[in-house]
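Engineer: Got a structure for you, written out below as structure tokens; questions coming shortly.
The values are calculated or read from the model by the stated rules, or taken from the named source; none is laboratory data. Source: prediction; values computed, not measured. Cβ: placed from backbone, ideal geometry, glycine included. Neighbour counts: every protein chain shown.
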Amino acid sequence: MKALIGVDPHKGSVAVAVIDEALGQLVERASFVQNRAGLRALERWARRFPERRWAVENAGGLGRHLAMRLAASGESVVDVPPKLSARVRVLSTGNARKNDELDALATALAASHNERLAAVDPEAASEVLRLLSERREDLVAERTRALNRLHALLRDLLPGGVTGKLSADRAARILRGIRHLAGASARLRRRLASEVLRDVRTLDRKITDLNERIEAEVEASGTTLTQIFGIGPILAARIIGTVANVARFPTKAHFASYAGTAPLEASSGEVVRHRLSMAGNRKLNYALHMVATCQARSDVRGGVYYRKKIAEGKSRKEALRCLKRRVCDAVFRSLLADSLAPASSAA
């Protein structure tokens, strides 16, 4: 029997459900404590099924530790998005009842009917780029919060505050011009602003160092993504880290649906129309949006296509969506070529 083990992870426990892949029938359920002893017990329990693979719900979140542990030990593990398992649970039960056992079963059923789920590989190059990209996003977000705090302090120290974009160098020049403050609270605000400014400078250095690391990793990967106009090392790292194994998408249409760039048909009767898709991976969609916006402002082929769509009567937003889909197709071709390159060179 080929067993598929669905896992519903939580902070304190792990619920599992085993189904027969051939029949799609439930074989066994179990629950384990989420700690070292509990996970060792789970691994011993799973050896009862020699031919097995794992489906972990939200392997990028609460299930990451378990998924990475299983993959590192040689197990076959796929990541099941929570939305997918939730839909399967509702459709399979016909009601909104929910518990850990049902969630684990729904995760296994979702994986048994979907061949395009991302495989978990802790040593994949895409995993390194994903970690670096997420770290950079965190640092950029923290820098933004620090600059917002600095804006608020300067607003109380200067009439009308500071207009326009604020950088560390500009803030330093402004603070040097603030002298002879009356009152303890005003002097404290200036000291706090100086402390926040030091935080911004520290974050700037960390982001610069991380950018260099990302550029080196992207260059070492040999990707052709950076040959697409508007994609630099930072966006390339985000795309590769988000997509991981592009071979799981049979066609560019499947990839566009995953990226949220494929319009959703909303036809009825003789009325044929499509609407904007808000589904798909929003991180990937945002990266493609940045590329499309860059191309739309340029004179390259993407910009020509964008202006052509506007001349055909489409609005700017509609034209940008059309361009984003073309960018998505180009990204898919590039990722597919990258995945086939090692195999071609080896042959």
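Engineer: For residues that are surrounded by 13 or more Cβ atoms within 10 Å (Cβ to Cβ) and either small (Gly, Ala, Ser) or not assigned by TED's automatic domain parsing to the domain that holds LYS324 (or both), scanning just region 280-311, find the one that is farthest from THR226 (Cα to Cα).
Structural biologist: Looking at the filtered set, the residue picked out is GLY280.
Engineer: Let me ask another. Criterion first (in contact (Cβ under 8 Å) with a residue 40 or more places away in the chain and among the charged types (D, E, K, R)) does ARG130 satisfy it? Even if it seems obvious, please write down each step before you answer.
Structural biologist: Numbers: in contact (Cβ under 8 Å) with a residue 40 or more places away in the chain: yes; among the charged types (D, E, K, R): yes.
For ARG130, the condition - in contact (Cβ under 8 Å) with a residue 40 or more places away in the chain and among the charged types (D, E, K, R) - is met.
Engineer: Moving on. If you check SER194, SER257, which single one turns out to be closer than 30 Å to LEU153 by Cα and among the small types (Gly, Ala, Ser)? Show your work before the answer.
Structural biologist: Numbers: SER257 fails: closer than 30 Å to LEU153 by Cα.
SER194 is the lone residue from the list that is closer than 30 Å to LEU153 by Cα and among the small types (Gly, Ala, Ser).
Engineer: Follow-up. Do we find a residue being on the phi > 0 side of the Ramachandran plot and surrounded by fewer than 15 Cβ atoms within 10 Å (Cβ to Cβ) anywhere in region 120-132?
Structural biologist: Restricting attention to region 120-132, the residues satisfying the condition of being on the phi > 0 side of the Ramachandran plot are none.
No, that holds for no residue.
Engineer: Still on this model: Which condition number does LEU153 fail, the rest of (1) exposed (fewer than 15 other Cβ atoms within 10 Å of the Cβ); (2) part of a helix (DSSP H, G or I); (3) among the aliphatic types (A, V, I, L, M); (4) touching a residue at least 24 places away in the same chain (Cβ under 8 Å) being met?
Structural biologist: (1)
Engineer: Are any residues in region 189-220 touching a residue at least 12 places away in the same chain (Cβ under 8 Å) and of a type in the set (Lys, Arg), and if so, which ones?
Structural biologist: Answer for region 189-220, where residues must be touching a residue at least 12 places away in the same chain (Cβ under 8 Å) and of a type in the set (Lys, Arg): ARG189, ARG190, ARG201, LYS206, ARG213.
Engineer: Return yes or no: is LYS314 surrounded by 12 or more Cβ atoms within 10 Å (Cβ to Cβ), of a type in the set (D, E, K, R), out of contact with any strand residue (DSSP E or B) (no Cβ under 7 Å at 6 or more places or on another chain) and closer than 15 Å to GLY230 by Cα? Even if it seems obvious, please write down each step before you answer.
Structural biologist: On the way: surrounded by 12 or more Cβ atoms within 10 Å (Cβ to Cβ): yes; of a type in the set (D, E, K, R): yes; out of contact with any strand residue (DSSP E or B) (no Cβ under 7 Å at 6 or more places or on another chain): yes; closer than 15 Å to GLY230 by Cα: no.
When the stated conditions are applied, LYS314 does not pass them.
Engineer: Test of understanding: among LEU203, LEU154, which residue is within 26 Å of ILE234 (Cβ to Cβ) and touching a helix residue (DSSP H, G or I) at 6+ places or on another chain (Cβ under 7 Å)? Working first, answer last.
Structural biologist: Details: LEU154 fails: within 26 Å of ILE234 (Cβ to Cβ).
Step by step, each of LEU203, LEU154 is checked, and only LEU203 is within 26 Å of ILE234 (Cβ to Cβ) and touching a helix residue (DSSP H, G or I) at 6+ places or on another chain (Cβ under 7 Å).
Engineer: Pick out the one residue from ILE214, ILE228, ILE239 that is farther than 27 Å from ARG116 by Cα, of a type in the set (A, V, I, L, M, F, W, C), surrounded by 12 or more Cβ atoms within 10 Å (Cβ to Cβ) and under 21 Å from the mean Cα position of the chain (by Cα). Before you say what the answer is, go through the steps one by one.
Structural biologist: Details: ILE228 fails: farther than 27 Å from ARG116 by Cα; ILE239 fails: farther than 27 Å from ARG116 by Cα.
On inspection, the qualifying residue turns out to be ILE214.
Engineer: GLY303 fails exactly one of the following numbered conditions: (1) of a type in the set (Gly, Ala, Ser); (2) modelled with pLDDT under 95; (3) closer than 28 Å to VAL120 by Cβ. What is the number of that condition?
Structural biologist: Single failed check for GLY303: (3).
Engineer: Quick one: GLU75 ticks every box in (1) buried (at least 17 other Cβ atoms within 10 Å of the Cβ); (2) more than 16 Å from ILE19 (Cβ to Cβ); (3) in the same structural domain as ARG44 (by TED's automatic domain parsing); (4) touching a strand residue (DSSP E or B) at 6+ places or on another chain (Cβ under 7 Å) bar one, so which box is it?
Structural biologist: In the conditions (1) buried (at least 17 other Cβ atoms within 10 Å of the Cβ); (2) more than 16 Å from ILE19 (Cβ to Cβ); (3) in the same structural domain as ARG44 (by TED's automatic domain parsing); (4) touching a strand residue (DSSP E or B) at 6+ places or on another chain (Cβ under 7 Å), GLU75 misses (1) alone.
Engineer: I'd like to know if region 262-278 contains one or more residues that are within 23 Å of GLU115 (Cβ to Cβ) and buried (at least 19 other Cβ atoms within 10 Å of the Cβ).
Structural biologist: Yes, region 262-278 contains at least one residue that is within 23 Å of GLU115 (Cβ to Cβ) and buried (at least 19 other Cβ atoms within 10 Å of the Cβ).
Engineer: Let me ask another. Would you say ALA67 is within 24 Å of the chain's Cα centre (by Cα) and crowded, with 19+ Cβ neighbours inside 10 Å? Talk me through it step by step, then tell me what you get.
Structural biologist: Numbers: within 24 Å of the chain's Cα centre (by Cα): yes; crowded, with 19+ Cβ neighbours inside 10 Å: yes.
Taking the combined requirement at face value, the residue satisfies it.
Engineer: Do we find that GLU142 is modelled with pLDDT under 90, closer than 30 Å to ALA220 by Cβ, in contact with a helix residue (DSSP H, G or I) (Cβ under 8 Å, 6 or more places away or on another chain) and in a helix (DSSP H, G or I) in this structure? Working first, answer last.
Structural biologist: On the way: modelled with pLDDT under 90: no; closer than 30 Å to ALA220 by Cβ: yes; in contact with a helix residue (DSSP H, G or I) (Cβ under 8 Å, 6 or more places away or on another chain): yes; in a helix (DSSP H, G or I): yes.
Answer is no for this residue.
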